[in-house]
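To start, the structure under review is shown below, and the notes come after it.
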Amino acid sequence: MLMAMRSEYSWLAEPLLALEGALPRRFFGCDAVYVRGRLLLVLSDGDEPWNGAMFPVERVNHKAILERWPQLREHPVLPKWLYLSATNEQFELLARALVREIATGNPLFGVATVPKKRASGGARAASKKARRGRANADAAAAQKTDKSAIPPHLRD
C-alpha cells in the first residue's frame, strides 16, 4: 500500500506516482518521490525556502536545466537541488510542466540513491557492537604494546 502524501502540493506528484517502480516517501518532513532508485521530486509546504517543489539534480546537469527552465533556482540550503518556490506567480503551470518532463524520463533530473543498510537489532545494537569492536581493537593494540616491552628472550 502506498503512503499518503501530506504536502499541499502532493497533486504535483501524480504523473510520477503513475510510473512503474514509483515510491512515495517522507523525506525530512517533506514528501518525496523515488522512481527505480532515483530521487526525482521533493515537495514541501513550509516556510521559505521549504515551500514549493525541489528537484534533486546532479550539479553537472544544472546548467542545461537552468537554460531550459530559468525560473528554477539553486536551493539556498541544498544548492545541489533546484527549487521552484510556490510564491512564483506561475508555480502551478511551471511545476506541472517540469513534473511532466521528468515523467518522460529526462535523464538530467534526479539523483541516484543508495539504500541504507539496517543493523540487525536496531541502531542501539549497532552502536553497542561498534563500541565492543573498538574495545577489542584497543585491547589488541595494548597487547602488542605490552609484548614489545618484554625482552625478546622472555617472550612466548
Practice task
With the condition kept exactly as written, say whether any residue in the stretch 77-85 is touching a strand residue (DSSP E or B) at 6+ places or on another chain (Cβ under 7 Å), at positive phi, modelled with pLDDT of 90 or more and of a type in the set (Gly, Ala, Ser).
Solution key: no
Exercise for the section: Residue by residue through the stretch 22-40, note down the ones that are under 17 Å from residue 79 (Cα atoms) and either at pLDDT 95 or above or touching a helix residue (DSSP H, G or I) at 6+ places or on another chain (Cβ under 6 Å) (or both). Expected result: 40
Exercise for the section: Quick one: which strands (runs of 3 or more DSSP E) lie wholly within the stretch 1-57 and hold at least 2 residues that are within 19 Å of residue 114 (Cβ to Cβ) and either hydrophobic (A, V, I, L, M, F, W, C) or not assigned by TED's automatic domain parsing to the domain that holds residue 103 (or both)? Expected result: 22-27, 30-35, 38-45
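Is it the case that residue 52 is over 18 Å from the mean Cα position of the chain (by Cα) and of a type in the set (Gly, Ala, Ser)? Show your work before the answer.
Details: over 18 Å from the mean Cα position of the chain (by Cα): no; of a type in the set (Gly, Ala, Ser): yes.
Here the answer is no, as residue 52 does not meet what is asked.
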Exercise for the section: Quick one: count up the residues across the stretch 66-103 that are over 20 Å from residue 9 (Cα atoms) and more than 20 Å from the chain's Cα centre (by Cα). Expected result: 4
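Please work out which residue is surrounded by the most Cβ atoms within 10 Å (Cβ to Cβ), limiting yourself to the stretch 63-115 and to residues that are aromatic (Phe, Trp, Tyr) and in contact with a helix residue (DSSP H, G or I) (Cβ under 8 Å, 6 or more places away or on another chain). Step through it out loud before you land on a result.
Our first condition is that a residue be aromatic (Phe, Trp, Tyr); within the stretch 63-115, this holds for 69, 81, 83, 91, 109.
Those still in the list that are in contact with a helix residue (DSSP H, G or I) (Cβ under 8 Å, 6 or more places away or on another chain) too: 69, 109.
Details: 69: 15, 109: 23.
Looking at the filtered set, the residue picked out is 109.
The values are calculated or read from the model by the stated rules, or taken from the named source; none is laboratory data. The structure presented is a predicted model; accordingly, all values stated were derived computationally and were not measured. Here the Cβ is made from the backbone with ideal geometry for all residues, glycine too, and neighbour counts use every protein chain on show.
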